[in-house]
Every structure is written in structure tokens, then in C-alpha cells.
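S.K.: Below is one structure. I have some questions about it.
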Amino acid sequence: MHRIESPVDSHPTDQLLSLYSHLRGLTGKKTMFGHQDTTLCRLMHECDSDVVTLTGAYPAVWGFDLGRIELGWKKNIDDVSFDQIRQQVLRAHDIGAIPTLTWHSVNPITSGGYGSNMAPGSVRAVLPGGDRHGRFLDWLDRVAIVLSSLTDEDNLPIPVIFRPFHEHNGTWFWWSLGSPIEAIDTSEDEFRQLWRMSVDYLRNSCGIHHVLYAYSPDRSRIDLTDETTMTGGYLYGYPGDDYVDVLGIDDYWDMDQQPLDKSPSKQHKDLITMLTLVGYLAEERGKLAAATEIGSPGAFASRLNNGRDGEKVCVPRPWTGYLLSALEANQFTTRMLWCLPWRNSLEAEGTGAYGTPSADSPYAQDFIDFAQNKRIVLIKKLAKSPVDE
């Protein structure tokens, strides 16, 4: 097995090397708590992050989205301005938190977003020779402009983790290729070409060298029946060790879904199995590992406690008893460097996509206990607000 224990970028900035070394040092010892739009989307207003309101500390990983930068918009898919994102990336960096970026781009053929993001031949259209290739390179240029603009007060590049083309093994994004469970018209080779072309273009044509690249399939399309189906499902379309720094997993399936054929204990075992596979493959390939996007343990517990088919199931401690225990289950699950629930948006309240609990949640104290556990990393230093600058 080809082991790479340095960034895949052959010309990394000093700042990227420092981040990479830091993450290597944490591997197996700590798990950082992450949160999408933690200071940009909140229900409680006592502080500028719901996580701070409950715990007195900031997440150690701050997530942001670049969706709609490809169209030249000033705001992203969640109506957050890119100027705000730049400010918040600097805030995160100033207190020692790590920024991570996703990119929910529109379909290159239809320009459709959620609900109309798929079209036959979308990936082929942006590859060399395709009729949307030039358009896609323009998109990458715009991504590169944002990445280049992420600098600290000394104008030095802020290292970030970029998670493009996430959940590629699903059937809901234009870059999707499906999975062994449900294949669609994009082939594994075409997806690999898309990933490699994009990374090469950002590095070689745009001069971006302060980025770690994270690979993150969706858990719901990975069959855990045996080792072969697990590994094959996880690595379906994998672009190669020379193009990936972080092996991640987006897992809502084991965190907030409620399959009718699973008990909570079986679901918990599946979560451990999935995290174990990611950690094992990361160790084997010399990669970093993370639960790059997860559902809300509290939403999962609420659904179970409200009953299924008239039967109530008690899950009183979803953060410590369910998530934390999985992260601490064995030598491979402990390799998860961070876990990141999604944003605290009003439209997601009560669903698994809603990230952290409110102060009046029955799981608020359990979340506080989770945050205070010696394995979990949050940032207690005050993050200066842009209005104070």
C-alpha cells in the first residue's frame, strides 16, 4: 500500500504544513467538535454561537459553504455573503480553530440547485472535450479567488480543509456517480477525472497551495454486510492517494435516520463499524480521518423517544452515550479528528440536519457533558467579532 504521510500538494505553504503537523499530532488522541456556520446561523442570541451559549467555548472546526460562488453571486446558497465567510474564516483562524469548506455548486448543464441538480452526462460535460469544460474552469477560477482571499492580518494564507464533490456516491448532486447499491450514468473513472482535474487546476493553474483535500462519501450508500462490500462501497470512485489528504464520511444514516429494521443498539454498532472502516483505511494509507458531516444525535434521540409504531425507546444521552462512545470505541474510531453537525437553521429544527441543541433541549446537559469530555476539543478563547475590529 502506498502510504503518504504529508500533504498531497507537493508545494505546500508553511501554514499548510503547520496545520497538517498539528492534525497528525492530534490523531488518535483528540476529536475536535465542528459545526457548520456556527457564528452565522443560530437560534439563541445570548452569544454569537449556540455552541458558545451552552458550553462557553467555540467549535474547533468551523464549516462554511461556497455554493453559488460559481455564478458570481455575492451570497452563498444559504444567503450568507462571501465577505462574511472571509471574516469568519479569519476569526476561526485567530483563535486556533480550523476552517473547512464545502461547495454545493449548481448543475453545469441546467444551472439547477437542490431539487434540480441532476442531469444526464453532467460530469462528462465538464471534463476536457465536454461542452461545459470551459464553464467549469471559470467556476474553479472563482473558487480559487475565494481561497486566495483567505489570509490573516499579516496577509499570509490561512490553511483550510476543502471538501469538494461530497457524497458523490449518492444520487442527488450533479457530480454523483451512484454506488454499487444504485449506479447512475456517471462512471467511477469519470468521477476520478473530475476530482483530479479540479485539484490539479487549483494547484497548478491557480497556485493554490494552502488546502487539504477531504474525501467524504455518504454513509447511506455503503453496504456494511461484510469487509469487501464495506471497503468497495467506501472507495467507490476514490480518486487516489495522491489526491486526498483526509478520509471522511458524511453520516446521517447512523445518526438521525430510523430504519424500521434496526434497533438503536444495532444502529450504534453500525456507526462504530463505519467509523472503524474509515479509521482503518486512513491508518493503512497514511491519511487523516474525520466524521466530516454528521446528523444530530439529539434529533435521533427525539425521534426514538417519541415512539415508533407505538413503542417508546429511551435514549437519554445521545451525545455522550451514543456519539462519544462510538468515537472512543476502538483504536480506529479514535482516529476521527473531528465530527461536524450541520447548521442550526430554523427550517432544519427538529430534523437530523439541525446541528446542536438549544438551551431548553432535554439533551442540552448531555451536550455540555460531551463538550467537556477530555477527548473532545473546543476553543475557549474569545473570538473577536468583526464589529469590534
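The values are calculated or read from the model by the stated rules, or taken from the named source; none is laboratory data. Keep in mind that this is a model prediction, so the values were computed, not measured. Cβ placement follows ideal geometry from the backbone for every residue including glycine, while neighbour counts extend to all protein chains displayed.
S.K.: Quick check on my filter: what residues within region 160-201 are in contact with a strand residue (DSSP E or B) (Cβ under 7 Å, 6 or more places away or on another chain) and either of a type in the set (A, V, I, L, M) or outside any loop (DSSP other than H, G, I, E, B) (or both)?
M.R.: Once the filter is applied, which keeps residues that are in contact with a strand residue (DSSP E or B) (Cβ under 7 Å, 6 or more places away or on another chain) and either of a type in the set (A, V, I, L, M) or outside any loop (DSSP other than H, G, I, E, B) (or both), region 160-201 yields 160, 161, 162, 163, 184, 199.
S.K.: A further question on this structure: Of all residues in region 107-141, how many are in a helix (DSSP H, G or I) and either among the small types (Gly, Ala, Ser) or surrounded by 18 or more Cβ atoms within 10 Å (Cβ to Cβ) (or both)?
M.R.: Counting residues in region 107-141 that are in a helix (DSSP H, G or I) and either among the small types (Gly, Ala, Ser) or surrounded by 18 or more Cβ atoms within 10 Å (Cβ to Cβ) (or both) gives 9.
S.K.: Any residue in region 123-137 that's at negative phi: show its pairings with residues that are of a type in the set (Lys, Arg) at Cβ separation under 8 Å, as long as the two are six or more apart or on different chains.
M.R.: Short answer, once both residue conditions are applied: 125/132; 126/132; 126/135; 130/124.
S.K.: Let me ask something additional. When you scan region 9-16, do you find a residue that is free of Cβ contacts under 8 Å to residues at least 24 places away in the same chain, more than 26 Å from residue 380 (Cβ to Cβ) and in a helix (DSSP H, G or I), even just one?
M.R.: Yes: region 9-16 contains one or more residues that are free of Cβ contacts under 8 Å to residues at least 24 places away in the same chain, more than 26 Å from residue 380 (Cβ to Cβ) and in a helix (DSSP H, G or I).
S.K.: Quick check on residue 27: is it more than 29 Å from residue 106 (Cα to Cα), surrounded by fewer than 21 Cβ atoms within 10 Å (Cβ to Cβ) and within 19 Å of the chain's Cα centre (by Cα)?
M.R.: yes
S.K.: Got a sec? Which of 282, 291, 214 is touching a Cys at 6+ places or on another chain (Cβ under 6 Å) and modelled with pLDDT of 95 or more?
M.R.: None of the other options fit; the residue is 291.
S.K.: Residue 42 - would you say it is basic (Lys, Arg), part of a loop (DSSP other than H, G, I, E, B) and out of contact with any His (no Cβ under 9 Å at 6 or more places or on another chain)?
M.R.: Here the answer is yes, as residue 42 does meet what is asked.
S.K.: Check whether at least one residue in region 295-315 is assigned to a loop (DSSP other than H, G, I, E, B), under 22 Å from residue 48 (Cβ atoms) and modelled with pLDDT under 95, and report yes or no.
M.R.: Yes, because at least one residue in region 295-315 is assigned to a loop (DSSP other than H, G, I, E, B), under 22 Å from residue 48 (Cβ atoms) and modelled with pLDDT under 95.
S.K.: Do we have any residue at all in region 136-158 that's of a type in the set (D, E, K, R), more than 22 Å from the chain's Cα centre (by Cα) and farther than 23 Å from residue 64 by Cβ?
M.R.: No, region 136-158 has no match at all.
S.K.: Looking for something within 23 Å of residue 132 (Cβ to Cβ) and surrounded by 16 or more Cβ atoms within 10 Å (Cβ to Cβ) - is there at least one such residue anywhere in region 88-99?
M.R.: no
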